[in-house]
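Below is one structure, written out as structure tokens, with a few remarks after it.
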Amino acid sequence: MKKILAELGKFSKFIAISLPVVLSVFLVRMQSLAHQELVAPECRVKKWDIPVSLTAEKQKVPLIQRLPVTCCQDDTSCLDEVLYGEISDKKALLSAIAHSLQYLQTTNSAAAYQNYQVAGITRDRVFKSLQRFRELLLTTNSATELHQAIEREFVLYQSVGKDTKGSVLFTAYYEPLYAASRVPTSEYRYPVYRLPPDLNSWSKPHPTRLELEGADGLQGAKGKLRGLELFWFRDRLEPYLAQIEGSARLQLPDGTQTAIGYAGNNAYNYTSLGRQLVNDGKLPLEGITLPIILDYFQKHPQELNIYIPRDRSFVFFQENHGEPAQGSINVPLTAERSIATDKSLMPPGALALIRASIPFANPTGKMEERIVSRYVLDQDTGGAIKGAGRVDYFLGTGKLPGDRAGITVSNGQLFYLLLKSKN
């Protein structure tokens, strides 16, 4: 996509935003969760953090090789149990694996892995690891059996995180659903734009958001964006949020749906609206989330024309005609099974294990956080997703994924699974 957040700062593609948000770009880190304990102390330190013995090595590379984590007794959060539940998520994971296998056979993947900085991680090894994991996924009958097979056959490469101890900040992103029109009307006034065909010939630095669309978001036809309008929205904030997420599904007035996805950007880093509001004393840092930010602008809509222009980054779109949201490696994203990371550091398309506290809706609709382990595919990136200590988790399309994404922020761990070299 996701993110786009492809150099929206994810989500280059910001996410590169594509590309790579969870509305992650809006989020200001929640201090109340900064030190949340994921499991009992003996498991948290001995099982999940990077071993102290690797201190010297972990200063040099983003990933450190270690043995698979042995589950603590009665710690079900160590296992990806939803793969074998009454409503199995196995089909979704198999689909995500198929997309990564497809990517790993492309010339783009060959180029991405040609000079990969972590010794031992090659495109061929990532490909074979995915193939073997798929076999295990199809032949095992429980999460425990799968985990035991991984302990026998795989090694883990753990992200050094933001503190060199393995601590990774997790946010989440989603594909929003908005009402939009192919033509401007008195109701649909705020456009998103196609990629300018002459963008590469624009003088540098490129025009900023303010210079491209004006403070009110309605001045694009007076400058370089004239004639590039793709769709029009009713609300000032919606096209901006679509840029943050890197994609959007659109409900058109005739009842049909289509989708837009990331096509390029103006090469500026993303500036967080949440951070700007905090800096100006409009909102407290403690506990800030996307819903709080959106509520502020609902109460103070006139301030959108003050804060949105402060973000100099600008994303261009292409119509995807209803195709699923795509990640930065140009494969469809899978809800709960795709992540966005910094692709200058992490292996694209690779199989990963994430462990973090994620919000889920209970039967009453109330959000509850649960510590989970999930096998995922690294298929996206984002401008706000920088360094070894950041992951953006794709939650799907629509309101519920958006509600969950807006409050997702926790510390956890990120591991990549590779077959042992003898295999």
For 145-157, 106-118, ranked highest to lowest by mean beta-carbon neighbours within 10 Å, the order is 145-157, 106-118
With viscosity set to 0.692 mPa s and temperature to 37 °C, compute the Stokes-Einstein D of the range 59-214, Rh being the Kirkwood radius across alpha carbon pairs; µm²/s, no decimals.
160 µm²/s
Residues of the range 123-153 with backbone N under 12 Å of the label point set 7 Å from the Cα of Tyr116 along Cα→Cβ are 123-130
Once the Cβ-Cβ distance between Arg189 and Val61 is put in as r, and R0 is 45 Å, what FRET efficiency do you end up with, to the nearest 0.05?
0.35
Space enclosed by the convex hull of the alpha-carbon atoms of the range 231-389, per residue, Å³:
163 Å³
Surface accessible to a 1.4 Å probe, per residue, for the residues of the range 246-347, Å²
40 Å²
Distance between modelled label sites at Lys420 and Asp124, nm, 7 Å Cα→Cβ extension:
2.1 nm
Could you work out the mean projected area of the convex hull around the alpha carbons of the range 244-324, in square nanometres to one decimal?
6.9 nm²
Segment Lys90-Asp235, length gained on full extension (0.36 nm per residue, minus Cα span)
48.4 nm
Give me the Kirkwood hydrodynamic radius of the range 219-283, using the inverse of the mean 1/r over all pairs of distinct Cα atoms, in Å to one decimal.
14.3 Å
Over the chain, what percent of the accessible surface lies on carbon and sulfur atoms, probe 1.4 Å?
50 percent
Under the Debye formula (equal points on every Cα, no solvent term), log10 I(q)/I(0) of the range 97-148 at q = 0.16 Å⁻¹:
-0.55
Quick P(r) readout (the chain; Cα-Cα; 10 Å bins; whole %) gives 5, 23, 33, 24, 12, 4, 0
Can you pull the semi-axes for the range 182-223, root of five times each eigenvalue of the Cα gyration tensor, sorted largest first, whole Å?
22, 13, 6
Alpha-carbon gyration tensor eigenvalues x 5, square-rooted, for the range 149-197, Å
46, 15, 13
Which of the peptides 392-400, 193-201, 77-85 is most tightly packed, and how do the rest follow, judged by the mean count of other Cβ atoms within 10 Å per residue?
392-400, 77-85, 193-201
Can you work out the accessible area per residue across the range 61-104, with the rest of the protein chains kept in place, probe 1.4 Å, in square angstrom?
49 Å²
Highest mean first, what order results for 121-132, 333-344, 249-260, 407-418 on Cβ atoms within 10 Å?
333-344, 407-418, 121-132, 249-260
Counting only helical runs of four or more DSSP H residues, what would the 222 nm mean residue ellipticity of the chain come to if each run contributes -39,500 (n - 2.57) and the total is spread over all its residues?
-6500 deg cm²/dmol
Starting from the eigenvalues of the Cα gyration tensor, five times each then square-rooted, give me the equivalent ellipsoid semi-axes of the range 130-221, largest first, whole Å.
48, 21, 15
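The values are calculated or read from the model by the stated rules, or taken from the named source; none is laboratory data. All values reported here derive from a predicted model rather than from experimental measurement. Please note: Cβ atoms are built from the backbone with ideal geometry, for glycine as well, and neighbour counts cover all protein chains shown. Only protein heavy atoms, including side chains, enter the accessible area calculation; ligands, DNA and RNA are left aside. Shrake-Rupley method; radii C 1.70, N 1.55, O 1.52, S 1.80 Å.
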